[in-house]
1. Given labels modelled 7 Å from the Cα in the Cβ direction, how far is it in nm from residue 109 to residue 148?
2. Antiparallel DSSP bridges in the chain: what percent, to the nearest 5?
3. Only Cα pairs under 8 Å and at least 6 apart count here; give the relative contact order of segment 1-122 as a rounded whole percent.
4. Assuming 1.306 mPa s and 10 °C, estimate D for segment 14-126 with Stokes-Einstein, Rh taken as the Kirkwood radius over Cα pairs, in µm²/s.
5. Can you tell me, using C-alpha contacts under 8 Å and at least 6 residues apart, the relative contact order of the chain as a whole percent?
6. What percent does the relative contact order of segment 135-243 come to when contacts are Cα pairs within less than 8 Å and at least six residues apart?
7. With Rg and Dmax of the Cα atoms in Å defined as stated, name the option among (i) 16.8, 48; (ii) 17.0, 55; (iii) 18.4, 57 computed from the structure displayed.
8. Quick check: the angle from helix 152-171's long axis to the longest principal axis of the chain, C-alpha only, nearest 10 degrees?
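FYI, it's all coordinate maths here, none of it is from the lab. All values derive from a computational prediction rather than experimental measurement. Neighbour counts run over all protein chains shown; Cβ positions are idealised from the backbone, glycine included.
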């Protein structure tokens, strides 16, 4: 919980499109802790995925992060809406299942553009507007996955994304910005069928699936003053998945 302030810190959360997603849960958690939250998302992604868009408007900024110019635009627009950012939470992703043998070049490139390049450019734009001591707190948190087999472009791009975030922890240390990655494990955001649900429960020490609030709770801790000592880490917040 942040101390009361007339000027609450500002967080930008990407990948906020559906009310049952990790991005939406994170936005709610940070708002409850006193943050002013700006959200970014792209309804076009949800609309072309099997689950579809849920009809609830949660996004302040619509942006297709496949466009290399969109990251800077999103950060600039967030600055206009709420002021300088103190936290960047990257929940956006491209995730379309395919294996090594059937992944297309187009799909691979789109995964890399959104999950890797856009994350790099968002972090770059965040750091460029960040003035150490002005915001009083500096946080970058990105959501990753270790899913690789039969989801190759997604897993490969998330692996590359992780390295960028961990590099940022070192490169931005003088700006007092901490940078961490969260692996939430299989999280029920509406995509699980009964078979997947049962398999996840069977493979977890707590015999349940992850919920968006589980990941959001760790994000809110990392963004709190108490979370400042955790830096340059990949954190598994998955209930104790058997590996």
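1. 2.5
2. Just about 5 percent of them are antiparallel.
3. Details: 188 pairs, mean separation 35.9, N = 122.
Reported as a whole number, the value is 29 percent.
4. 108
5. 20
6. Result for segment 135-243 is 32 percent.
7. (ii)
8. 20
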